[in-house]
Amino acid sequence: MNTTRKVLLSLLVVGALGTIVGLGAFSAFSSTTTNSGNSFTAGSVVIGDNDSNLALYSLTNQKPGVTTDRCIKVTYSGSLDSTVKLYTTTPVNASAQYINLTIQKGTQSGTPSPWNDCTGFTADTSGGTPYTGTLSNFASTSTDWNNGLAVNPGAATQWAQNDALVYKFSTSVQDTPPAQNASSGAHTFTWEAQNQ
Amino acid sequence: MSSITITKVAGLVLGAVACGFLLVTPRISRPAGVLDASLTLTATPTGELGVAPIGTVLVARHLSPGAEPVRGTLVVSNQTGVPLAVRLRGRPATGDLDDAARLRITTAGRTLFDGHLAALRSGTRMITIRPGGRAPLRIVATLRPQTRSGFEGRTDEVALELLSASTGGPA
């Protein structure tokens with residue numbers, strides 16, 4: 001083999017091997033960047049109470065001048081800040097005009113026993129009594145979201161996740177002859193939360 | 001074989017070995033440190049059930065295979081007037097640690113859950129809490145010792161959802 005061919009052959013080998021090395025070198029010098037873990041989740045609006053489907057009050061044979069207190073705890077666990085309103089969608093009997101109703105908002109220390117006992121209840125200093133009147137008047141003026149009773153924990157203007165409020169319902173029958181045998185009929189209180 | 005031929009063959013072999021060495025060695029080496037996984041568990045009260053603490057229950061910032069387990073306690077209380085059957089369900093935000101992270105949840109010596117984070121989506125065993133009663137749930141979070149990869153730098157936040165139903169027992 002003459003010198004020229006030897007040189008050419010050597011160059012061929014070097015070139016072939018150099019190409020392989022070059023490919024590896026380019027591979028070693030490459031890099032990437034990624035943006036992973038993207039996700040989208042909607043917020044939630046969740047409200048509940050501690051009645052476990054038991055009536056807040058079921059009172060019979062009430063006499064004038066005696067006030068009965070019952071408490072219920074409402075907890076907001078949604079992730080979105082919300083407005084909460086209280087209303088009743090069920091009509092009450094005409095004689096409910098002789099039943100006084102006061103609704104207070106506040107907190108309660110300890111665990112009440114039974115669940116609707118008001119021992120340890122403390123009314124909020126800010127707007128602690130959002131309603132005073134008759135049961136009949138409440139049932140006719142707070143009937144849905146639009147005219148429901150807006151109540152917030154403490155001095156807050158909205159409900160945030162994990163906010164809780166204890167509502168104290170105080171009822172009594174008026175000391176007047178027409179109030180005798182007054183009966184409200186079964187009625188339902190509704191708490192509705194809507195996100196802001 | 002002539003000496004020239006031997007020289008040529010040797011030169012070719014040496015050159016090939018040198019090229020092979022250059023192919024292998026100049027790789028970008030793995031970093032010396034490995035990012036640990038991070039897991040956060042949270043809980044919120046419902047109308048029927050109170051929880052303590054509210055919000056963050058457990059934060060495990062340095063989860064890695066073989067690392068010390070991270071522990072937390074969630075106290076669940078029955079705020080109603082009836083006995084409640086209660087169980088927990090996990091809602092991971094991303095699911096990035098579904099297979100790598102492992103949780104064990106016990107109460108009063110009874111195991112409610114012991115398995116992968118993914119399995120917590122189906123829920124734990126049930127416990128009954130009497131009216132006004134409380135149940136402390138002990139939670140232990142670890143990473144599977146056999147986990148070799150797929151956890152580095154991953155984070156997830158799992159909301160512990162409380163589910164309850166009246167047992168129908170006496171109030």
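Bear in mind these aren't lab numbers, they're just calculated from the coordinates by the rules spelled out. None of the values given here were measured: they were computed from a predicted structure. Positions of Cβ are generated from backbone atoms using ideal geometry, with glycine treated the same way; all protein chains shown enter the neighbour counts.
Okay, here's what the table says:
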item	result
On Cα atoms only, tilt of B:3-24 relative to the major axis of chain B in degrees	20 degrees
Average partner coverage of A:185-193, which counts Cβ from other chains inside 10 Å	0
Mean residue ellipticity (222 nm) of chain B, computed from DSSP H runs ≥ 4 via -39,500 (n - 2.57), nearest 500	-4500 deg cm²/dmol
Dipole in debye (nearest 20) - chain A, about Cα centre, beta carbon charges: Lys, Arg +1; Asp, Glu -1	940 debye
Positive-pole candidate from B:VAL51, B:SER2, B:GLY15, dipole of chain B, charges at beta carbon	B:SER2
Sites A:LEU56 and A:GLN174 - FRET efficiency at Förster radius 22 Å, r taken between beta-carbons, to 0.05	0.60
Likely footprinting exposure, B:LEU35, B:LEU49, fewest C-beta neighbours within 10 Å first	B:LEU35, B:LEU49
Helix A:3-29 vs. chain A, principal-axis angle (Cα, 0 to 90°, nearest 10)	10 degrees
Least to most buried among A:SER172, A:SER44 (fewest other Cβ within 10 Å first)	A:SER44, A:SER172
Dipole axis of the stretch A:53-129 (+1 Lys, Arg; -1 Asp, Glu on Cβ), positive-most option in A:THR75, A:THR90, A:ASN116	A:THR90
Magnitude of the charge dipole, chain B, Cβ model with Lys/Arg +1 and Asp/Glu -1, debye to 20	320 debye
Estimated FRET transfer efficiency when R0 is 51 angstrom, pair A:ASN2-A:PHE29 (beta carbons, to 0.05)	0.80
Fewest-first sequence of A:VAL84, A:VAL7, A:VAL46 by Cβ atoms within 10 Å of each Cβ	A:VAL7, A:VAL46, A:VAL84
R0 of 41 Å, Cβ-Cβ distance A:LEU11-B:ARG71: FRET efficiency to nearest 0.05	0.05
Relative contact order [Cα under 8 Å, 6+ residues apart], the stretch A:86-196, whole percent	46 percent
Value of relative contact order over the stretch B:37-166, rounded to a whole percent, pairs C-alpha under 8 Å and six or more apart	38 percent
Ellipticity estimate at 222 nm from DSSP helix runs (n ≥ 4, -39,500 (n - 2.57)) divided over chain A, nearest 500	-6000 deg cm²/dmol
Cα shape, the protein assembly as shown, gyration tensor, a/c 1.5 rule	prolate
Positive-pole candidate from B:HIS62, B:LEU162, B:GLY150, dipole of the stretch B:13-171, charges at beta carbon	B:LEU162
Within the protein assembly as shown: Cβ-based charge dipole about Cα centre, in debye rounded to nearest 20 (Lys, Arg +1; Asp, Glu -1)	1720 debye
